[in-house]
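A.B. asks: Please read through the structure below; I'll follow up with questions.
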């Protein structure tokens with residue numbers, strides 16, 4: 001049997017964490033929760049579900065997740081976000097997989113998003129395949145924002161959805177876009193990107209059009225329109241903030257880390 005260690009990183013997730021941990025019961029052989037200083041009941045909830053709760057100061061998403069994997073005792077890692085949940089079909093797929101000889105070093109699953117009171121079936125959000133099950137010594141997370149698994153070889157695929165309970169309000173979505181675009185701009189800046197004006201003006205309307213029309217956002221109704229609009233806003237903010245960093249550098253001012 002393949003021993004499975006589920007790993008989560010958290011910050012003030014008392015609302016979401018119980019749902020995620022319940023979905024792991026009977027599937028994961030151990031649960032590792034790396035928390036970066038929650039002020040709510042997150043750590044207490046983790047321990048109540050018999051998870052190993054570790055406190056670690058925040059660095060970035062990839063480093064936090066890699067630290068969680070390094071703290072696990074199993075060879076196979078299932079990475080889960082606190083606002084996600086294994087569907088029943090995915091639970092059954094994982095249980096069946098544990099009884100078999102693995103064919104791949106990494107497996108991906110389809111992620112389905114719950115957004116403002118409904119499931120999103122289009123808009124480029126579904127199926128949003130995520131590589132979350134992996135052999136610890138052959139893969140690791142990379143990237144400051146929108147981190148992903150880096151590995152050599154081909155990924156397998158498991159049946160069943162990973163349910164993702166995203167923003168509960170438009171204000172929450174706006175705050176998330178603001179936060180992520182700050183990180184994305186910093187990542188582009190550190191990678192040496194210095195062209196931003198044309199991308200800001202051209203990529204912004206294209207993102208809205210492609211999300212709403214080409215990726216079927218129109219089929220998600222008003223939610224699809226909001227997703228398209230916010231995707232465009234994210235592109236605009238990302239490049240505008242990159243421009244701000246470049247201007248700061250040009251005038252010789254110190255650029256502080258976000």
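A.B. asks: Name the pairs: first residue in segment 152-170 and assigned by TED's automatic domain parsing to the domain that holds residue 99, second residue assigned to a loop (DSSP other than H, G, I, E, B) and surrounded by fewer than 14 Cβ atoms within 10 Å (Cβ to Cβ), Cβ to Cβ under 6 Å, at least 6 apart or on different chains?
C.D. replies: From segment 152-170, the pairs are 156/103.
A.B. asks: Here is a list of conditions, (1) modelled with pLDDT under 95; (2) in the same structural domain as residue 91 (by TED's automatic domain parsing); (3) over 20 Å from residue 229 (Cα atoms), and residue 146 meets all of them except one; can you say which number that is?
C.D. replies: Against the list (1) modelled with pLDDT under 95; (2) in the same structural domain as residue 91 (by TED's automatic domain parsing); (3) over 20 Å from residue 229 (Cα atoms), residue 146 comes up short only on (3).
A.B. asks: Just one of the numbered conditions (1) at pLDDT 95 or above; (2) surrounded by 13 or more Cβ atoms within 10 Å (Cβ to Cβ); (3) farther than 30 Å from residue 19 by Cβ is not true of residue 178; which one?
C.D. replies: All conditions pass for residue 178, except number (3).
A.B. asks: Which residue, of 124, 74, is out of contact with any helix residue (DSSP H, G or I) (no Cβ under 8 Å at 6 or more places or on another chain) and either in contact (Cβ under 8 Å) with a residue 40 or more places away in the chain or not in a helix (DSSP H, G or I) (or both)?
C.D. replies: Details: 124 fails: out of contact with any helix residue (DSSP H, G or I) (no Cβ under 8 Å at 6 or more places or on another chain).
From the options 124, 74, the qualifying one is 74.
A.B. asks: Just to be sure, is residue 140 in contact with a strand residue (DSSP E or B) (Cβ under 7 Å, 6 or more places away or on another chain) and either at negative phi or touching a residue at least 40 places away in the same chain (Cβ under 8 Å) (or both)? Walk me through how you get there before you give the answer.
C.D. replies: Numbers: in contact with a strand residue (DSSP E or B) (Cβ under 7 Å, 6 or more places away or on another chain): yes; either at negative phi or touching a residue at least 40 places away in the same chain (Cβ under 8 Å) (or both): yes.
Yes, satisfied.
A.B. asks: Any residue at all in segment 49-70 that's free of Cβ contacts under 8 Å to residues at least 12 places away in the same chain and more than 30 Å from residue 190 (Cα to Cα)?
C.D. replies: No, there is no match, as no residue in segment 49-70 is free of Cβ contacts under 8 Å to residues at least 12 places away in the same chain and more than 30 Å from residue 190 (Cα to Cα).
A.B. asks: When you go through (1) assigned to a helix (DSSP H, G or I); (2) farther than 23 Å from residue 127 by Cβ; (3) touching a helix residue (DSSP H, G or I) at 6+ places or on another chain (Cβ under 6 Å) one by one for residue 186, which number turns out not to apply?
C.D. replies: Only one criterion is unmet by residue 186, namely (3).
A.B. asks: Among the residues of segment 158-175, count how many are on the phi < 0 side of the Ramachandran plot, touching a helix residue (DSSP H, G or I) at 6+ places or on another chain (Cβ under 9 Å) and not in a loop (DSSP other than H, G, I, E, B).
C.D. replies: Residues of segment 158-175 that are on the phi < 0 side of the Ramachandran plot, as a first pass: 158-159, 161-175.
Now restrict to residues that are touching a helix residue (DSSP H, G or I) at 6+ places or on another chain (Cβ under 9 Å): 158-159, 161-163, 165-167, 170, 173-174.
Add one more test, that the residue is not in a loop (DSSP other than H, G, I, E, B), and what stays is 158-159, 161-163, 165, 170, 173-174.
Count: 9.
A.B. asks: Ok, one more. Output the number of the condition that residue 118 fails; it satisfies all remaining conditions of (1) surrounded by fewer than 19 Cβ atoms within 10 Å (Cβ to Cβ); (2) within 19 Å of residue 156 (Cβ to Cβ); (3) in contact (Cβ under 8 Å) with a residue 60 or more places away in the chain.
C.D. replies: (2)
A.B. asks: What residue, among those in segment 191-246 that are assigned to a loop (DSSP other than H, G, I, E, B) and at pLDDT 95 or above, is surrounded by the fewest Cβ atoms within 10 Å (Cβ to Cβ)?
C.D. replies: Once the filter is applied, the top-ranked residue is 216.
A.B. asks: How many of the residues making up segment 1-52 are surrounded by 21 or more Cβ atoms within 10 Å (Cβ to Cβ) and part of a strand (DSSP E or B)?
C.D. replies: Summing the residues that are surrounded by 21 or more Cβ atoms within 10 Å (Cβ to Cβ) and part of a strand (DSSP E or B) in segment 1-52 gives 12.
The values are calculated or read from the model by the stated rules, or taken from the named source; none is laboratory data. Fair warning: this is a prediction, and the values are worked out from it, not measured in the lab. Backbone-built Cβ (ideal geometry, glycine too); neighbour counts: all protein chains shown.
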